[in-house]
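Scroll down for the structure; my scribbles are underneath it.
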Number of protein chains: 2
Amino acid sequence: MDQENIVDDVHDIENEGLLDRKGIDRYWSEVSDKNMTYTEPLLVKRTNTTSQIAIVGANVCPIESLDYEIIENELFKQDWRSRKKVQIFQYVLLKWAFALLIGLGTGLVGFFNNIAVENISGFKLLLTSDLMSKHKYFKAFAAYAGCNVVLAVAAAALCAFIAPAAAGSGIPEIFGSILGVSAGFVVGKEGPMVHTGACIANLLGQGGSRKYHLTWTWLRYFKNDRDRRDMITCGAAAGVAAAFRAPVGGVLFALEEAASWWRSALLWRTFFTTAVVAIVLRAFIQYCNTGKCGLFGEGGLIMYDVSSAKTTYSGSDILAVIFLGTIGGILGSIYNYFVDKVLRTYSIINERGAAFKILLVIIISCLTSCCSFGLPWFAKCIACPTDLTVSCPTVGESGNYKSFQCSSGYYNDLASLFLNTNDDAIRNLFSTSTTKEFHISSLFIFFGAVYCLGIITYGIAIPSGLFIPVILAGACYGRLVGRLFESMSTLDTGLFALLGAASFLGGTMRMTVSLCIILLELTNDLQLLPLVMLVLLISKTVADNFNKGVYDQILKIKGLPYMEAHAEPYMRHLVARDVITGPLVTFSGIEKVGNILHALKTTGHNGFPVIDEPPLSGPPELCGIVLRSHLLVLLKRKNFSRDRVVTGDDILQRFAAFDFAKAGSGKGIKLEDLDIEEEEMEMYVDLHPITNSSPYTVVETMSLAKAAILFRQLGLRHMCVVPKSQGRPPIVGILTRHDFMPEHILGLNPHVMPDK
Amino acid sequence: MDQENIVDDVHDIENEGLLDRKGIDRYWSEVSDKNMTYTEPLLVKRTNTTSQIAIVGANVCPIESLDYEIIENELFKQDWRSRKKVQIFQYVLLKWAFALLIGLGTGLVGFFNNIAVENISGFKLLLTSDLMSKHKYFKAFAAYAGCNVVLAVAAAALCAFIAPAAAGSGIPEIFGSILGVSAGFVVGKEGPMVHTGACIANLLGQGGSRKYHLTWTWLRYFKNDRDRRDMITCGAAAGVAAAFRAPVGGVLFALEEAASWWRSALLWRTFFTTAVVAIVLRAFIQYCNTGKCGLFGEGGLIMYDVSSAKTTYSGSDILAVIFLGTIGGILGSIYNYFVDKVLRTYSIINERGAAFKILLVIIISCLTSCCSFGLPWFAKCIACPTDLTVSCPTVGESGNYKSFQCSSGYYNDLASLFLNTNDDAIRNLFSTSTTKEFHISSLFIFFGAVYCLGIITYGIAIPSGLFIPVILAGACYGRLVGRLFESMSTLDTGLFALLGAASFLGGTMRMTVSLCIILLELTNDLQLLPLVMLVLLISKTVADNFNKGVYDQILKIKGLPYMEAHAEPYMRHLVARDVITGPLVTFSGIEKVGNILHALKTTGHNGFPVIDEPPLSGPPELCGIVLRSHLLVLLKRKNFSRDRVVTGDDILQRFAAFDFAKAGSGKGIKLEDLDIEEEEMEMYVDLHPITNSSPYTVVETMSLAKAAILFRQLGLRHMCVVPKSQGRPPIVGILTRHDFMPEHILGLNPHVMPDK
């Protein structure tokens, strides 16, 4: 891959972009820990000149603000009207075609991912069990640990060298994830899947990739913030749908986590995308059921079918479930606490360079191998149940009953959990009507190991997801509780495992509806709904007393200026004026080129207010706001005049409508690209045509809480603060996302106590 | 019930309130057609003095705007701080307790509703089949039609006399719905259920009901717009959950239909409420399974279990499904077209008085009885299948196989559909592995009858829901298509019925995600998801080409000023100034009492801008906006002064914080309650303490599209338009919801073509 291009991409991403989209950010944060370079929150200092998104490390398309839709659409419309109606139809059709493409692409990738993981780790496990059956224990361990380390190093190398910022097409992500999961790490594939889905969508939205010579002129109509955001949302939903084979869960995940900009039409398209993913996956799985996909054969669209278990429950069952939820919430918040600590430690190690990153991966890999291979020795061999339909011990395939060191007719229950893929281990734990399959002590050992491994694995330099480790630990915890309450509750231990997983997810992620749906889609039993709901509610409520959700923690570590949907209580005691800082840089309606260049060079601002002054108007009045990117386009064309005259909208006719359209990452004009002569510096340029003349404004005495709500609800990037009284300059300041961050507000107004 | 009180309630409801809440409005519109009094859209004339909500006819709590949260919370806070921390905890706890109560209440009502319907109509049907088996055909018809008419008249009388505006506690609704459904009408219980859920929530939110002596001082903390809205949302979700036993569907319905004000915390509480409903229902159903609920015995939490059918599908199945979806969409839009026509006709009839309403109900009831009893005679008797586990023909209970006129060993398939409750008919249609149970001609007849009856029944004076009729017609249509495609598709006819129902729902309601989830929860098979999604997408897309969703149509007939979430394209060519009308009534910061009274009397405005003028300030500046309701409270207390002096915030100390809190419907101070002396008219009152000093403002040159988005996204009630240039009065006008209605905008600006 083109290394230079990636660096460009990262540098171009502006530091005020994107960050409203909590959900999307979370996906990035989930996949990008492989190159954490943070130690302290960046927000303490307002670092306007460095790129904070670069730290997130994904090739995010910077979605700036929906406030600019209008101006862009105005330009767009001029071009538009000259076209025929049939082309408008094409545009709408293309939107749906993109949704289809995203669905198909993500479905395919998801399927490929599954097949590859099943085959690679299946091969590894077969090799190991083959050697074990010949009593060559050390050779077996060597083979097992060796495979793991090789796969792990490959994954880490991919991340460390090929895609250091996880930039680009998402292809390194896919392979990294396949290798990482196959290497036996306690990681999930869902984070990278979501990332890949978003990457596919982003690639389409950027008008294809010049790198791969995939471009199409029609795609330029999608070069605006709204269409990009919509497509990325679709992509993320498709990723969830593909990872969990949960289409409705995918839609809800996108909805619950990216709800601030939710629109009905978007829901509609997202829904379509995930339906396509589901159909693609289903078609492939049906094909594979004929046995043509190597070791991949198991399962339908439902990953862990528990619908055979009885689902009536009594009062004592509810009590057991409440207990399970409470403890699950506590364990979940402890998990979050340690993940936070570990991430901070790893970030220091990872900062030292690629060699350290890979070393860390190797250490964790060896530790995982030792646990997986060593701990099963502590388990006693259990006689195979007699009423089985599957073979026991399992030979030649990944199954419920691993023989490990046991003789024929016996199986090792711990090995059945450890020496399996994570998916299979979860399936074993969720399996119903097999109460006695796992011994209590085995469950206890496995739970402890997975809980700790999950914590120390997240944050190493491989693409990783958090859901699967949490589900794995939770399922084991649930089954353990089920065994302990055996005498009291009549619920199946498989159901207890499911509820345990729910309690852990609730305790760490703190999402509710989307998690609930994903779990139900994983297990195909809606009858469980009330119980799953109850557990999620309890565990989230309990965990919220201790700390924040794991994604909120990560956002905080990374110092991303994420705005909460609600205003903080202390904001009620402040007004908009109280948080304005720094000198305000304004332009005249017709400004000297030199002044503009100077401002662009010396500040990092992305928006500048434009003020009409005498003699062009009466008293000075606010004309609007102009974007750095638009200024660069204007300056590049050199439409200058010697005198202070209005050139008017004619100027736009010298531009194609799409010159001002949103450029792809790294493809916009940069300050260095400009080549302005000394003589031109003294000339004038009319900014009116590119000025957004309807910026959202607030009066300086507006309650800060209300200003924050306005800013957040409308997804703004810049908000103009205007004076209350007349006879003063027509603008007091500009507020950006940074100005609403608690650190900034409380730094400027230390007397305001952040009371609850 | 207290008739006068109801009239008060209706009159008090202000005409700008509530209407952002599309979802809630839709619930009302669904239940309130029994007293339609509209003929023409009211929006053509801007009728500020009449109450438009009164037409909707429900005792809605007028949620005005979230813009006032701040001022109310300021007052609230003063009171709050004097209280102890433990009481804040109580407040939060109370919120959850309310969610619990709403859940319990709605669950109970839902269960009661089911039991009553099953028993009443079960008794009726048993009587009929008993007479039929004795070959007393005329007596049977007389008994059947007689029961129906009596029940129908009772339901209509309840609506026409006891609860003409569906005001109050929702109790008349429940009984009306029970009677209406039992009367054999093609109506559903879900509309009234949603209404009842919202009523329960509203009752709690109003601080109990003085009428029923249920009050509690703590409840006054909930007398604000936000808490009320939240509780009503919870109630509506609980209603859906209770009607369909679909808790996730309930949450999503509230989310999809009331999404503009959605918050994460609210989702959380809604989720809890519906979980409670599900648990309550489940507990009762388990109790009933022991046979203690009379004729109610069937079913678990899942209403129509189709999970036994095989769910693999091939390309030709998909083709059949696409065909089904397309035709379903067309039929759905035709359904909408006729419902619209019928509603307009009925509204003229219903306007003439209670007698006409009841007459209409009787006619429709007789028509329904004739269809239900007459049409089965056209069906041939079919020999009972031999491999049944249930008895055939069914004797002594409502079941799949009705004998009607047939001899022993035979059943009449049309009677099995007609002479059953709607729920049972749907269950029969959804039943799997019974392909041949219904003859094609029978399905055809039943489909035609139900399709037409559904159209002519909606709008008569009984509480009715639209979902069940649409599902019934759709299921029949789907099964019909399934039979026709028998040779081509391997899908079960029961699945076809489900998909047919989905296509009809998509074609009429045009919702997607919530419908999909409700259907899946009704049928308990997530494997069907991709197919259901596909059908919904196709039918909605097809139907959208013809007309709007049925609820949008009803909103339009009723002339409710509902604002779309997006701005219309023609708004881009206008600015905020272009839609301002009428003389602006402003107050000084310290205003003469007489002036205020005059303004309150002569205008219908609910908000007035307050302007500080010399000598109190320099040039005049906008101080804020004051509400009619707050002015009334202030005037009532007579804190007047002889001179133009600032009394300041001290004035608030003479008020309890809750004097300004939102009064319940019909409980606020009215203009007639004021008793101002002639002498006092010349005195002054300081408006500053009650002025909302941070109103949201836009500049007059702001694009109307952007102003509309601001208005809608923030859920405003009033928006101040300020001048762009200095030296003019500080406010140009006030925009309310009415000013954004297309009729109003296009009336003022006829040159703007509403292009697409």
Inset, instruction - Those residues that are modelled with pLDDT of 65 or more and under 19 Å from B:Gln527 (Cβ atoms), I need them from region B:287-305; list them, please. - result: B:Tyr304, B:Asp305
Inset, instruction - Restrict the check to region A:711-725 and report whether at least one residue is more than 8 Å from chain B (Cβ to nearest Cβ), in a helix (DSSP H, G or I) and surrounded by fewer than 21 Cβ atoms within 10 Å (Cβ to Cβ). - result: yes
Inset, instruction - Can you tell me which residue within region A:523-539, out of those that are surrounded by fewer than 24 Cβ atoms within 10 Å (Cβ to Cβ) and modelled with pLDDT of 80 or more, is farthest from the other protein chains (Cβ to nearest Cβ)? - result: A:Ile538
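Surrounded by fewer than 21 Cβ atoms within 10 Å (Cβ to Cβ) and under 21 Å from B:Ile456 (Cα atoms): does that describe B:Val150? Quick ask: steps written out before the conclusion?
Values: surrounded by fewer than 21 Cβ atoms within 10 Å (Cβ to Cβ): yes; under 21 Å from B:Ile456 (Cα atoms): yes.
Spelling it out, B:Val150 is indeed surrounded by fewer than 21 Cβ atoms within 10 Å (Cβ to Cβ) and under 21 Å from B:Ile456 (Cα atoms).
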Legend entry - A:Gly507 at pLDDT below 90, buried (at least 24 other Cβ atoms within 10 Å of the Cβ) and within 32 Å of the chain's Cα centre (by Cα): no
Legend entry - Any hit, region A:740-755, residues being in contact with a helix residue (DSSP H, G or I) (Cβ under 9 Å, 6 or more places away or on another chain), more than 19 Å from A:Ala567 (Cα to Cα) and more than 10 Å from chain B (Cβ to nearest Cβ): no
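In this structure, does B:Ile468 turn out to be surrounded by fewer than 23 Cβ atoms within 10 Å (Cβ to Cβ) and among the β-branched types (Val, Ile, Thr)?
Details: surrounded by fewer than 23 Cβ atoms within 10 Å (Cβ to Cβ): no; among the β-branched types (Val, Ile, Thr): yes.
The answer is no for B:Ile468.
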Inset, instruction - Scan (1) over 20 Å from A:Ala265 (Cα atoms); (2) facing chain A (nearest Cβ under 10 Å) for the single condition B:Val513 breaks and write down its number. - result: (1)
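When you look at B:Val685, is it at pLDDT 80 or above, farther than 13 Å from B:Val579 by Cβ and more than 14 Å from every other protein chain (Cβ to nearest Cβ), yes or no?
Numbers: at pLDDT 80 or above: yes; farther than 13 Å from B:Val579 by Cβ: yes; more than 14 Å from every other protein chain (Cβ to nearest Cβ): yes.
So B:Val685 passes the test.
In region B:621-630, how many residues are within 14 Å of chain A (Cβ to nearest Cβ) and either touching a helix residue (DSSP H, G or I) at 6+ places or on another chain (Cβ under 8 Å) or without any contact (Cβ under 8 Å) to a residue 60 or more places away in the chain (or both)?
Here the count works out to 1.
Per-residue answers, yes or no, for (1) in contact with a Lys or Arg (Cβ under 7 Å, 6 or more places away or on another chain); (2) more than 14 Å from chain A (Cβ to nearest Cβ):
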residue	(1), (2)
B:Gln553	no, yes
B:Ile557	yes, yes
B:Met563	yes, no
B:Thr581	no, yes
B:Thr586	no, yes
B:Thr602	no, yes
B:Val610	no, no
B:Pro619	no, no
Legend entry - Checklist (1) under 25 Å from B:Ser182 (Cβ atoms); (2) crowded, with 24+ Cβ neighbours inside 10 Å; (3) out of contact with any Leu (no Cβ under 6 Å at 6 or more places or on another chain); (4) at pLDDT 90 or above applied to B:Val450, failing item: (3)
Legend entry - Condition check for B:Ala502: under 20 Å from A:Arg269 (Cβ atoms) and away from chain A (no Cβ under 11 Å): yes
Legend entry - Test result for A:Arg479, surrounded by 24 or more Cβ atoms within 10 Å (Cβ to Cβ) and either in the same structural domain as A:Leu319 (by TED's automatic domain parsing) or of a type outside the set (S, T, N, Q) (or both): yes
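The values are calculated or read from the model by the stated rules, or taken from the named source; none is laboratory data. Just so it is clear, the structure is predicted and the values come from calculations on it, not from any experiment. Neighbour counts are summed over all protein chains in view; Cβ atoms, including those assigned to glycine, are modelled from backbone coordinates with ideal geometry.
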